[in-house]
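Okay, so here's the structure we're looking at.
The values are calculated or read from the model by the stated rules, or taken from the named source; none is laboratory data. Predicted, not measured: the structure shown is a model, and the values here were computed from it. A quick note on method: Cβ atoms are made from the backbone with ideal geometry, for glycine too, and the neighbour counts reach across all protein chains shown. Please note that ligands, DNA and RNA were not included when accessible areas were found on the heavy atoms of the full protein model with its side chains. Shrake-Rupley method; radii C 1.70, N 1.55, O 1.52, S 1.80 Å.
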Amino acid sequence: LPHKPASLYKLLGSFAELSINVTKIESRPIPGKPFEYTFHLDLESGGRQGEILRTAVVRARPLAGELRTLGFYSTVT
């Protein structure tokens, strides 16, 4: 995310609008770039994985400098 006020807030808000739960958020410093961080998020979509998460990625892409999906997994209930 850009190092600007409310950039993380805007990203998380786009997930909230789709009723996607952020179950984990972790920030890591970017080597060689002081005060810049990368964020790793775990998202939960309540079993509506496909289209909802694709919509979330489309909405998040313009807000993020780089966006990668590391994978999908289902939870056992």
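Divide by every residue of the chain the summed helix terms, -39500 (n - 2.57) for each DSSP H run of at least 4, and state the resulting mean residue ellipticity at 222 nm, rounded to the nearest 500 deg cm²/dmol.
-9000 deg cm²/dmol
List the lysines whose Cα sits under 19 Å from the Cα of Lys33, skipping any in the same chain fewer than 8 residues away.
By straight Cα distance, Lys33 reaches Lys4.
Could you work out how far helix 7-17 tilts from the main Cα principal axis of the chain, as a 0 to 90 degree angle to the nearest 10?
For 7-17 against the chain, the angle is about 10 degrees.
Would you be so kind as to identify which of Phe35, Phe72, Ile52 lies farthest towards the positive end of the dipole of the chain, taking Lys and Arg as +1 and Asp and Glu as -1 on Cβ and the Cα centre as origin?
Sorting the options by dipole projection puts first Phe35.
With everything on Cα atoms, drop me the angle between helix 49-60 and the longest principal axis of the chain, reported from 0 to 90° to the nearest 10.
20
Direction-averaged shadow area of the convex hull around the Cα atoms of the chain, nm²?
Across all orientations, the chain yields a mean hull projection of 5.4 nm².
If I model a spin label as a point 7 Å beyond the Cα along the Cα-Cβ vector, how far apart are those points for Arg28 and Arg61 in nm?
Rounded to a tenth, the inter-label distance reads 2.4 nm.
For the chain, what does the accessible surface come to per residue with a 1.4 Å probe? Please give it in Å².
80
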